[in-house]
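K.L.:
Structure in structure tokens, see below.
The values are calculated or read from the model by the stated rules, or taken from the named source; none is laboratory data. Keep in mind that what you see is a predicted model, and the values were worked out from it rather than measured. All Cβ positions, glycine included, derive from the backbone under ideal geometry; neighbour counts span all protein chains shown. Surface accessibility is based on the protein's heavy atoms, side chains included, excluding ligands, DNA and RNA. Shrake-Rupley method; radii C 1.70, N 1.55, O 1.52, S 1.80 Å.
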Amino acid sequence: MSSQSEQSHGTDLDEIDRIIIDELVANARISNATLAQRAGIAPSTALLRTRSLVDRGILTGYHAEVSLRSVGRTVQALISVKLRVHDREKIDTFVERIPRLPEVLSMFHVSGGTDYLLHIAVSSTEALRDWVLDNLATDESVGHTETTLVFAHHMGHRGPLPFTEPEHG
């Protein structure tokens, strides 16, 4: 979606939409009856409003969160990647390949001195070193990487920002 359509969605949300989104962000497994009660609406209305949020592209999915530590992925890192050349074909190949690697949690295209920022999770620092060597250092389109270990990851608020009236003056 374009940023313009995302911006218009944000302004199209009323208080009930915001409550529904906040409740689903906090617990996507909430029952429709509980969701309706918390939003102060009938269960049939809650179902229709939730479906509308999906149809409008505001709610894009429901996800299970896995404890990375419990599945053996105890080392997380952020890796800054600077590309050697900015050739469209090489960029497209890089962007297609890297996010598909099972160790990659997220990939961000960023501004500044870095082209991409990768968030990965692996089993050990040795696995991290090998991953960087095998997947980045040997990639002819990669010019430089810098790896930062993640000691803790704290999720922020994932719902819409609180509505505020625009200031005049």
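K.L.:
Given Leu53, Leu105, Leu59, which one is more than 17 Å from the chain's Cα centre (by Cα) and closer than 30 Å to Ser31 by Cα? Before the answer, list the steps.
P.N.:
Values: Leu105 fails: more than 17 Å from the chain's Cα centre (by Cα); Leu59 fails: more than 17 Å from the chain's Cα centre (by Cα).
Among Leu53, Leu105, Leu59, only Leu53 is more than 17 Å from the chain's Cα centre (by Cα) and closer than 30 Å to Ser31 by Cα.
K.L.:
Cβ contacts < 6 Å: first residue assigned to a loop (DSSP other than H, G, I, E, B), restricted to region 26-42; second residue open to solvent by 80 Å² or more (accessible area, probe 1.4 Å), any location; separation 6+ or different chain. Result?
P.N.:
If the second residue must be open to solvent by 80 Å² or more (accessible area, probe 1.4 Å), the pairs left are Ala28/Tyr62.
K.L.:
Please find, within region 42-86, the residue that is nearest to Leu105 (Cα to Cα) out of those that are among the basic types (Lys, Arg) and in contact with a strand residue (DSSP E or B) (Cβ under 7 Å, 6 or more places away or on another chain).
P.N.:
Narrowing region 42-86 to residues among the basic types (Lys, Arg): 49, 51, 56, 69, 73, 82, 84.
Add one more test, that the residue is in contact with a strand residue (DSSP E or B) (Cβ under 7 Å, 6 or more places away or on another chain), and what stays is 73, 82, 84.
On the way: Arg73: 11, Lys82: 19, Arg84: 23 Å.
Looking at residues that are among the basic types (Lys, Arg) and in contact with a strand residue (DSSP E or B) (Cβ under 7 Å, 6 or more places away or on another chain), I get Arg73.
K.L.:
In region 30-77, how many are small (Gly, Ala, Ser) and closer than 20 Å to Pro160 by Cβ? Before the answer, list the steps.
P.N.:
We begin by selecting, within region 30-77, every residue small (Gly, Ala, Ser); these are 31, 33, 36, 39-40, 42, 44, 46, 52, 57, 61, 64, 67, 70, 72, 77.
Adding the requirement that they be closer than 20 Å to Pro160 by Cβ leaves 36, 39-40, 46, 52, 57, 61.
Adding up the residues that qualify gives 7.
K.L.:
Output the qualifying pairs, or none if there are none: Cβ atoms under 6 angstrom, residues six or more apart or on different chains, first residue in region 131-158 and within 17 Å of Val75 (Cα to Cα), second residue polar (S, T, N, Q) and open to solvent by less than 100 Å² (accessible area, probe 1.4 Å).
P.N.:
Glu146/Ser80; Val150/Gln76
K.L.:
Another question, then. Taking strands (runs of 3 or more DSSP E) that do not extend beyond region 90-169, which have at least 1 residues that are open to solvent by less than 60 Å² (accessible area, probe 1.4 Å) and closer than 30 Å to Leu53 by Cα? Steps first, answer last, please.
P.N.:
On the way: elements: 104-109, 116-122, 142-150.
Result: 104-109, 116-122.
K.L.:
Shifting gears a bit: State whether one or more residues within region 53-66 are aliphatic (A, V, I, L, M), surrounded by fewer than 12 Cβ atoms within 10 Å (Cβ to Cβ), modelled with pLDDT of 95 or more and not in a loop (DSSP other than H, G, I, E, B). If you could, list the steps in order and put the result at the bottom.
P.N.:
Just the residues of region 53-66 that are aliphatic (A, V, I, L, M), to begin with: 53-54, 58-59, 64, 66.
Add one more test, that the residue is surrounded by fewer than 12 Cβ atoms within 10 Å (Cβ to Cβ), and what stays is 64, 66.
Still in the running and modelled with pLDDT of 95 or more: none.
For region 53-66, residues aliphatic (A, V, I, L, M), surrounded by fewer than 12 Cβ atoms within 10 Å (Cβ to Cβ), modelled with pLDDT of 95 or more and not in a loop (DSSP other than H, G, I, E, B): absent.
K.L.:
Within region 68-88, identify whether any single residue is open to solvent by 40 Å² or more (accessible area, probe 1.4 Å), in contact (Cβ under 8 Å) with a residue 60 or more places away in the chain and not in a loop (DSSP other than H, G, I, E, B), and answer yes or no.
P.N.:
The answer is yes; a qualifying residue exists.
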